[in-house]
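Nothing in this text is a laboratory measurement; each read-out follows from the coordinates by a stated rule. Since this is a predicted model, take the numbers as computed values, not measurements. Cβ coordinates were reconstructed from backbone atoms using ideal geometry, including for glycine residues, and neighbour counts include every protein chain displayed.
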Amino acid sequence: MTMNIALIAHDRKKDEIVNFVTAYETVFAHHKLFATGTTGTRIMEKTQLSVHRFMSGPLGGDQQIGAMVATNEMDLIIFLRDPLMAQPHEPDIIALLRLCDVQGIPCATNIATAEILVKALDRGDFAWRELVHKYKPGVDE
Ligand SMILES: O=C(CO)COP(=O)(O)O
């Protein structure tokens, strides 16, 4: 079952997300990947994965991903935030995390949680999302 996965990282976390996605590239290859602009570019530069890129975070990318969460079209989010650096688009970041809680979407904000979620994804723990996909034509293309 193909899941829609969002990958997002703030600047000082970009190396970390690239290394992480590279390590689990064979798992991610089975899914449909989305990212904010720069994160997506960085991942595509270093892997063979194809990533649908939204706007850069400060220009609205978090909100674009949030729109997919709002309509329950996103199955998993890995969002490596920088907890030590203020972001100009902090309200957008909070809004995205809030929507994950509204819809009950698994969202990892650090690498330890991301690792657990990706392992769960690989062993089929996200199969319940199939029920959601059934009612969302076009999500699982
Ligand atoms: O700012 C971001 C998420 O809040 C990430 O955006 P970029 O991937 O474009 O750097």
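Observations, loosely collected:
- Note on MET1/GLN87: beta-carbon distance plugged into 1/(1 + (r/R0)^6) with R0 of 25 Å gives a FRET efficiency of 0.15.
- Neighbour-count order for LEU84, LEU96, fewest beta carbons within 10 angstrom listed first: LEU84, LEU96
- One Cα centroid belongs to the stretch 92-141, the other to the stretch 25-71; the line between them spans 14 Å.
- Using equal-weight Cα scatterers in the Debye expression, the normalised intensity of the chain in log10 at q = 0.10, 0.21 Å⁻¹ is -0.28, -1.42.
- Projected label distance in nm at ALA23 and ALA127, using a 7 Å step from Cα toward the beta-carbon: 2.7 nm
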